[in-house]
């Protein structure tokens with residue numbers, strides 16, 4: 001059970017190491033300005049491998065179809081719905097989830113985002129037995145990787161997806177042979193990674209430059225600020241020198257646009273102005289009036 005691109009390598013591992021009898025994913029969605037009905041990446045991959053697909057609107061209300069397949073094991077990854085007890089009790093080997101954090105840290109639907117937002121030095125993958133609560137089950141295995149300064153949500157997701165695929169391949173035999181050790185989670189150490197809201201994508205330059213940078217990396221390509229009341233999305237940037245200027249001051253240098261934060265200057269290297277395509281900062285500065293820009297209001 002899974003939906004986004006992140007879950008495709010996990011499905012690929014399952015196909016290569018076991019008999020996948022059914023894939024459960026979310027229904028097709030309308031995508032883009034032209035509203036083209038598009039299947040999930042997991043569905044596309046399943047159909048390419050001739051695996052039947054189930055797309056229930058609410059799994060807790062539509063699970064009877066699963067019973068005819070009599071699965072030995074159910075594996076979920078980024079599926080987005082909590083399984084009811086009727087499904088959890090169905091397979092003799094249980095239901096396991098492949099989660100993109102080092103549980104009990106960052107339970108919830110946006111663990112990779114929050115690892116970047118909070119400036120974590122490492123993150124990882126946890127495989128655990130599912131229960132009726134959110135990411136609280138006993139841990140079977142885990143693996144970690146460092147978070148690099150130039151990682152964003154895309155690069156880190158790709159790394160974790162590969163890590164998850166390899167960890168699952170190593171873990172499956174221990175589940176089948178029942179040679180693993182279940183480790184209960186310490187609920188006192190739990191933190192949560194709730195779904196990112198639109199207002200959280202707004203960049204606050206009164207915070208430190210590191211906090212601004214972390215938000216740009218975590219929410220790529222959606223973080224933004226208002227320049228003269230027009231939205232500008234920030235796709236990448238670097239932290240510059242210390243600054244004594246008030247936050248939200250514009251710093252213009254040759255081929256460089258900086259905005260002062262609480263402590264340092266944050267230099268934007270790639271952005272997307274409202275109604276235009278993404279561009280590097282040199283091209284952006286070549287196409288605007290710099291005298292007007294220096295006096296612009298940032299919100």
Nearest-0.05 FRET efficiency for residue 291 and residue 122 at R0 = 35 Å, using Cβ-Cβ distance, is 0.15
State, to one decimal in nm, how far the label point of residue 64 lies from the label point of residue 207, with both points 7 Å from Cα in the Cβ direction. 4.8
More than 23 angstrom apart: percent of Cα pairs within the chain: 61
Multiply the residue gap between residue 86 and residue 16 by 0.36 nm, knock off their C-alpha separation, and tell me the result in nm, one decimal place. 22.4 nm
If you stretched the chain out fully between residue 277 and residue 28, how much longer would it get, using 0.36 nm times the residue separation minus the C-alpha to C-alpha distance? 86.9 nm
Global geometry of the stretch 178-283, whether rounded, prolate or oblate, following the gyration tensor of its Cα atoms and the 1.5 cut on a/c: prolate
Rounded to the nearest 5, what is the percent of antiparallel bridges among the DSSP beta bridges in the stretch 5-189? 75
In this structure, the FRET efficiency calculated for residue 200 and residue 155 from their beta-carbon separation, with R0 = 22 Å, to the nearest 0.05, is 0.60
Distance between the stretch 70-85 and the stretch 134-164 - C-alpha centres, whole angstrom: 20
What three numbers, in Å, describe the spread of the alpha carbons of the stretch 8-79 along their principal axes, ordered from the longest? 42, 29, 20
If I stretch the segment between residue 192 and residue 269 completely, what's the gain in nm (0.36 nm per residue apart, minus their alpha carbon distance), one decimal? 24.6 nm
With the cut-off at 1.5 for a/c, could you classify the stretch 8-156 from its C-alpha gyration tensor as rounded, prolate or oblate? oblate
Quick check: pseudo-label points 7 Å beyond the Cα along Cα→Cβ at residue 36 and residue 248, how many nm apart are they? 4.0
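Here, each number is a calculation from the coordinates, and none is a lab measurement. What you see is a predicted model; the values in this text were computed from it and never measured. So basically every Cβ, Gly included, is an ideal-geometry build from the backbone, and we count neighbours across all protein chains shown.
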